[in-house]
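To start, the structure itself, in structure tokens.
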Amino acid sequence: MSGYRLCQTKMAERPYYIENISTNIYSLEELCYYLQNNLYLLDDTIINEELCDWIREELGLKQLYLRLYKVLDGGTSLADFLLPIFREIHYLTHDEFRVLNQKLIMLGHEPEVIRQKMKGDYLVENKKYINGIRVYKAAISKAREDKLGKQFTGEIYHNMGCAHMRMFQYEEALECFRTAYESLPSETMKRDYLTAFYLTKPYEKYRQEVGRLGENEETEREIAQRVQVIRNSVPKPDKNEDFDKYLGTLTREYHNSTGL
């Protein structure tokens with residue numbers, strides 16, 4: 001039973017929809033779990049008046065609603081908004097509460113563009129690729145405004161390329177990896193760029209690109225192995241599997257990764 005928490009407040013009839021991860025929550029315990037485990041995703045899509053209204057109308061927690069609404073109106077820190085939610089039901093132990101408070105303080109000191117990149121990384125790690133790519137694009141625009149340099153944007157383009165690759169969008173991945181390699185010419189960036197090139201362009205053009213970059217036969221063998229692993233990872237129906245069932249599985253995975 002250690003993996004369960006008994007609800008101390010009423011369950012909502014109308015759930016609160018969390019857009020970032022395409023999830024409905026029905027209780028304050030579920031809200032606390034989401035907040036504790038998704039700090040990098042916390043932005044105005046959840047820290048807003050709609051959440052306050054939901055807490056009042058669906059959970060009947062009028063005093064908590066007033067405290068949170070006052071924080072929103074005063075424009076204070078993220079911790080000032082979140083911590084009263086955990087206190088309401090004593091969701092965390094003393095030590096857990098202290099650790100969470102420290103994390104929120106550290107997060108509050110990070111520049112906005114750093115938080116955006118971390119948010120994108122978190123979404124992609126949790127297979128929310130479309131939302132992750134959207135956040136990465138916003139981070140790139142912000143990085144250019146702040147003149148953070150090619151290394152930082154190169155890292156974002158590389159991670160965005162990985163997100164496209166995991167959706168088998170090889171053309172988009174290639175362009176991201178190309179930009180990443182131009183911005184940050186390292187061996188990792190080069191190998192990922194050439195892997196996407198192999199998957200996207202005719203083999204002869206790939207060989208020309210390998211020659212242009214001065215790569216050797218050992219590198220070509222490594223990239224060929226990587227390409228084979230990627231191709232083998234593409235879902236294929238089992239011979240005995242019902243095709244409609246297989247298609248349904250692919251559809252669910254697509255909706256889960258895109259939020260659409």
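The values are calculated or read from the model by the stated rules, or taken from the named source; none is laboratory data. Note that this is a predicted model, so its numbers are computed, not measured. Cβ: placed from backbone, ideal geometry, glycine included. Neighbour counts: every protein chain shown. Note: accessible area is taken over every heavy atom of the protein model, side chains too, but ligands, DNA and RNA are not part of it. Shrake-Rupley method; radii C 1.70, N 1.55, O 1.52, S 1.80 Å.
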task: Would you mind telling me the share, in percent, of accessible area of the chain contributed by carbon and sulfur at probe 1.4 angstrom?
output: 50
statement: Checked against the positive end of the charge dipole of the chain (+1 on Cβ of Lys and Arg, -1 on Cβ of Asp and Glu, about the Cα centre), the farthest of TYR206, ALA138, ASN48 is TYR206
query: Roughly how big is region 1-137's charge dipole about its Cα centre, with Cβ charges of +1 (Lys, Arg) and -1 (Asp, Glu), in debye to the nearest 20?
result: 220
- line: The FRET efficiency for THR45 and GLU217, from their Cβ-Cβ distance with R0 = 41 Å and rounded to 0.05, is 0.25
message: So with the 1.4 Å probe, I'd like the accessible area per residue for region 14-166, rounded to whole Å².
response: 52
statement: Given Cβ charges of +1 for Lys and Arg and -1 for Asp and Glu, the option among GLN228, THR93, LEU194 whose Cα lies farthest towards the positive end of the dipole of the chain is LEU194
message: To make sure I understand the rule: partners must be aspartates and glutamates, Cα under 15 Å from the Cα of LYS150, and not fewer than 8 residues away in the same chain. Which ones qualify?
response: GLU182
message: Test of understanding: what is the full-extension gain from ILE114 to GLN102, defined as 0.36 nm times their sequence separation minus their Cα-Cα distance?
response: 2.6 nm
- line: Answer in debye to the nearest 20: the dipole magnitude of the chain about its Cα centre, from +1 Lys/Arg and -1 Asp/Glu charges placed on Cβ, is 200
Signed unit charges on C-beta, dipole axis of the chain, positive-most listed residue ASN24, THR153, LEU83: THR153
task: With a point put 7 Å past each Cα toward its Cβ, work out how far GLN228 is from GLU187 in nm, to one decimal.
output: 2.2
- prompt: Which of ASP44, ASP121, ASP53 moves most in a GNM of the chain, Cα contacts under 10 Å?
  reply: ASP44
message: Using a 7 Å offset from the Cα along the Cα-to-Cβ direction at both TYR17 and SER141, what is the distance between the two label points in nm, to one decimal?
response: 2.3
message: Multiplying the sequence separation of ASN37 and TYR69 by 0.36 nm and subtracting their Cα-Cα distance, what value in nm do you get?
response: 9.2 nm
